[in-house]
Amino acid sequence: MIPKSLRRKAEDPSCRVIVFLGGVDTGKTTLVWELAKELSKSYTIGVVDSDVGQSHLGPPTTVGWGIMPPDVEDWDGVEVRGIYFVGALSPQGHLLPTVVGTKLLCDEARSFCDKVLVDTTGLIWGDVGRILKSTKVDVLDPDLVVGIQKGRELEPILNLWKGIRRPQVLKFQTPPEVRSKTWEMRYTYREERFRKYFREARLLSIRWREVGIYHLSPERLAEAGDRQKGRIVSLRDREGKDRALGAVYEVDPRGVLVVWTPLGEDIEVGGVLFGEVWLPEGILS
Ligand SMILES: Nc1ncnc2c1ncn2[C@@H]1O[C@H](COP(=O)(O)OP(=O)(O)OP(=O)(O)O)[C@@H](O)[C@H]1O
Ligand SMILES: [Mg+2]
């Protein structure tokens, strides 16, 4: 159920960007979904999913965004319009790409949509959580921050904005119906997302000396051997946009990198970003 105060603020035409904050299992994604559906009756609504572990838009390891179509039934019905590769399953240790990716995709979404809703991870604890959420809000400059908490655990972050006019902050308690997910449920969900993503994958050979290699030195790649097998990479197009993930199949030190990927045949690879995640075994035969 969408709280009345939120519905009223969100429906105002001047409210363009809304960021949802809260710890794990507080009901963020469900509220984003319900509000996005409701608002899509009158507006073009973009959703940016900056949760890199439990992604709903785009595969795990990425920030993703899409436009809510009318009468959509679940997240799978929302076409992904863009991704940004973070290369990890948690923003911890990857704050910069998480914040940069969220900002870039939010800007892209704003150029197509009346309003943009930004979902986030449950990382709110300690210095890391505060730095992540405060820099994200600083750079996104949202009209509204929606904070959801079980107790008062989000207060140290929400208090950051108590003395300033923008963003406005609305706070809610987690509804009692919200269910916690176990570690196994999160792992299984992620594996399933990877499995779906790579279902239509093919083998693609890339001459890696002719494109940019990020986060792994060409020397290391040349001596890579079997260690890189299954490693998740992002394939950037010639315009510098992340277009699809790949999983390393083979590295030929003479200069050919072979990856499994669902990347469209018509897209030329201009760069390869190495992540810190390996695809779970059994997904690629
Ligand atoms: N209002 C609600 N009524 C019934 N079930 C709900 C409600 N809100 C959330 N849930 C359920 O509770 C669970 C957790 O909710 P949700 O995934 O929205 O939380 P979250 O804060 O986004 O979690 P995460 O930390 O994984 O991002 C889900 O299974 C969801 O279906
Ligand atoms: Mg969520």
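Rule-based calculations on the coordinates, nothing more; no lab input. It should be emphasised that the depicted structure is a prediction, and the values quoted were computed from it without experimental measurement. Heads up, the Cβs are rebuilt from the backbone with ideal geometry, glycines too, and the neighbour counts pull from every protein chain shown.
Scanning the range 106-133 for residues that are more than 16 Å from ligand 2 (Cβ to nearest atom) and assigned to a strand (DSSP E or B), we see that the one that is nearest to the chain's Cα centre (by Cα) is VAL116. Considering each of ASP141, ASP119 in turn, give the residue that is buried (at least 22 other Cβ atoms within 10 Å of the Cβ) and of a type outside the set (A, V, I, L, M). Result: ASP119 is the single residue among ASP141, ASP119 that is buried (at least 22 other Cβ atoms within 10 Å of the Cβ) and of a type outside the set (A, V, I, L, M). Annotation note: of VAL47, VAL24, the sole residue that is assigned to a strand (DSSP E or B), within 13 Å of ligand 1 (Cβ to nearest atom) and among the β-branched types (Val, Ile, Thr) is VAL47. Can you tell me how many residues in the range 134-158 are part of a helix (DSSP H, G or I) and over 16 Å from PRO97 (Cβ atoms)? So the answer is 7. Counting only strands (runs of 3 or more DSSP E) that sit wholly inside the range 178-285, those with at least 1 residues that are touching an Asp or Glu at 6+ places or on another chain (Cβ under 9 Å) and on the phi < 0 side of the Ramachandran plot are 202-207, 231-237, 242-252, 256-261, 269-278.
Figure legend. Inter-residue proximity from the range 27-40: first residues in contact (Cβ under 8 Å) with a residue 40 or more places away in the chain and under 13 Å from ASP51 (Cβ atoms), second residues of a type outside the set (A, V, I, L, M, F, W, C) and within 14 Å of ligand 2 (Cβ to nearest atom), beta-carbon distance below 7 Å, spacing 6+ or different chains. Indicated pairs: LYS28/GLY22; LYS28/ASP119; LYS28/THR120; THR29/HIS56; THR29/ASP119; VAL32/ASP119. Restrict the check to the range 202-216 and report whether at least one residue is among the hydroxyl-bearing types (Ser, Thr, Tyr), under 20 Å from HIS56 (Cβ atoms) and free of Cβ contacts under 8 Å to residues at least 60 places away in the same chain. No, the range 202-216 contains no residue that is among the hydroxyl-bearing types (Ser, Thr, Tyr), under 20 Å from HIS56 (Cβ atoms) and free of Cβ contacts under 8 Å to residues at least 60 places away in the same chain.
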